[in-house]
1. With θ taken as phi - 60° and the coefficients 6.51, -1.76 and 1.60, list the Karplus ³J(HN,Hα) couplings across region 314-331 in order, rounded to whole Hz; mark glycine and proline as x.
2. Please give the direction-averaged projected area of the C-alpha convex hull for region 35-78, in square nanometres with one decimal.
3. If amide H atoms are built 1.01 Å from N in the plane of the peptide, which residues on other chains or at least 5 residues away come under 5 Å of the amide H of Phe383?
4. Just tell me which lysines come within less than 22 Å, Cα to Cα, of Lys168; anything on the same chain fewer than 8 places away is out.
5. Please calculate how many Å² of accessible area the chain carries per residue, with a 1.4 Å probe and no DNA, RNA or ligand atoms counted.
6. For Lys442, go through the lysines and keep the ones whose alpha-carbon is under 18 Å away, minus same-chain ones fewer than eight residues off.
7. Order the following by accessible area, largest value first: Met1, Met392, Met165, Met290. Probe radius 1.4 Å; ligands, DNA and RNA are ignored.
8. When the Karplus curve 6.51 cos²θ - 1.76 cosθ + 1.60 is applied with θ = phi - 60°, which whole-Hz ³J(HN,Hα) does each residue of region 163-170 get, with x for Gly and Pro?
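The values are calculated or read from the model by the stated rules, or taken from the named source; none is laboratory data. Bear in mind that the values here come from a model prediction, so they are computed numbers and not experimental data. Because the Cβ atoms are built from the backbone with ideal geometry, glycine has one as well, and the counts that use them run over all protein chains shown. These accessible areas exclude ligands, DNA and RNA; they are computed on the full protein's heavy atoms, side chains included. Shrake-Rupley method; radii C 1.70, N 1.55, O 1.52, S 1.80 Å.
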Amino acid sequence: MHHIGGAWVPPASGSSLRETDPRSGEPSFSIARGSAPDVAHAVAVAQTAQPAWAGRRALERGAVLLAIARGLRAEAASLADIDQVETGRPRPQCLNDVEVSAQYFEFYGGLAPSIEGQTLDLGAGRHCYTRREPYGTVAVILPWNAPLNQAARAVAPALAAGNAMVVKPSEFTSVSTLRLAEVALAAGLPAGLVNVVTGTADEVGEPLVAHPGIAKVAFTGSLRAGRAIGRVAADRVIPVTLELGGKSPDLVFADADLPAAARGAVRGFTVNAGQACIAGSRLLVQRQVMNDFSELVRDELTRLSTGAADHDHIGPIITPAQYVRVCGFLDEARREGATVLGGGQPLPGPGHFVPPTAYVGLPPQSPLLQEEIFGPIGVLVPFDDEAQAVTMANDTPFGLAAGVWTRDLARAHRVAYQLLAGQVYVNEYPGGGIETPFGGYKASGIGREKGREALYHYTQLKTVIMKLE
């Protein structure tokens with residue numbers, strides 16, 4: 001069922017969809033198959049609930065968000081169970097995502113009272129000030145790679161700013177978002193502020209973005225889907241936050257701590273089985289240390305264990321279609337005659353497991369160097385000097401993240417300044433936290449999530465000018 005207005009609501013279609021456990025390939029949860037009437041119902045409920053929420057003191061809204069954080073922690077075990085069935089990730093990762101989700105509500109709960117405007121001096125006889133106001137009802141459309149984490153990082157700032165929302169989770173990982181809505185309600189969030197409608201992009205996502213009651217859209221997912229949402233939003237003249245794909249470079253200079261760089265770089269393209277938009281899948285390595293670094297990467301890949309119950313566990317590819325796509329990249333690398341440093345073959349079933357894999361010897365035009373893989377695959381490419389490294393790093397339509405490994409802090413700042421990326425990690429990959437703004441340059445998106453910046457993306461600015469004479 002959907003979660004609308006604080007209640008479980010059956011879909012208008014009367015039909016359902018089945019999720020699949022990516023560890024086994026077996027069916028798992030059943031979810032409602034939503035459609036346009038469900039979207040219309042949810043938007044109407046959100047529009048009714050939002051004005052009272054926006055009218056409450058920001059301090060009161062923040063207190064509710066803090067209560068949601070406590071509720072998430074109290075339900076950590078059951079939420080991690082759901083996440084593990086939906087995504088197949090190791091339990092430590094699932095528990096960590098619950099904790100991070102709670103931190104989002106804590107962070108934005110604390111920030112809610114800090115939303116403020118300015119007083120502008122127009123001279124004697126006039127009083128001018130600005131205020132930040134919520135949009136009203138926001139559409140939040142989520143991906144499948146980290147469902148609870150992604151939901152929390154959009155829902156928390158939107159609520160803190162005074163909005164209501166309709167959330168469409170991925171049809172592959174919907175149950176954790178439904179449980180988030182349930183936990184929020186139990187923590188004291190008024191009914192109707194977080195409504196969850198499950199289903200496919202065609203049947204739920206499209207009518208949601210097109211609905212006239214939606215005042216803003218926040219989307220995380222593929223470039224193709226982001227472009228489609230952007231076109232509809234442009235026709236409707238409503239703002240969007242789009243966090244899209246990446247093809248992020250990780251630059252390793254000869255003076256770097258090479259063992260640390262190898263550990264960090266491998267983590268950068270294998271975290272969450274590579275199903276992360278920030279995956280540093282292009283490892284640009286200074287030529288004089290290419291051989292040494294390749295061997296270190298080989299050692300790191302050997303150390304990682306796929307499917308083992310430890311902290312180095314690389315989970316499965318979450319959706320069947322994505323598994324087929326990732327295996328296609330492995331086939332392409334073989335056709336192009338790449339040298340394999342580790343992995344290179346999908347693991348036998350059950351489940352959708354691909355081992356951590358790295359290649360050398362691929363041509364610049366290879367799809368593995370041009371396209372987002374969204375699997376645990378990295379490619380090592382040599383460069384000769386700093387200028388060439390920057391040119392190679394920026395030679396992509398994306399600009400989400402980049403890494404720099406060097407002991408030379410002047411070089412680190414110099415290179416970071418030149419990289420066309422929304423965030424640059426120096427001597428770690430990835431880095432940052434809930435406090436750090438996150439988003440991309442170029443085709444990697446519009447707007448920012450996380451940090452104080454995201455809070456203001458869920459507000460619109462009003463200027464009030466008053467004649468006093």
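1. 9, x, x, 6, 6, 10, x, 5, 5, 4, 4, 5, 5, 4, x, 5, 4, 5
2. Mean orientational projected area (region 35-78, Cα hull): 4.5 nm².
3. It is Val285, Gln286, Arg287, by chain and number.
4. List returned: Lys216, Lys450.
5. In whole numbers, the chain has 39 Å² accessible per residue.
6. Candidates past the 8-residue exclusion: Lys247.
7. Values: Met1 110, Met392 45, Met165 0, Met290 25 Å².
Reading off the accessible areas and sorting them downward yields Met1, Met392, Met290, Met165.
8. Karplus-based 3J(HN,Hα) across region 163-170 equals 8, 9, 7, 10, 10, 10, x, 4 Hz.
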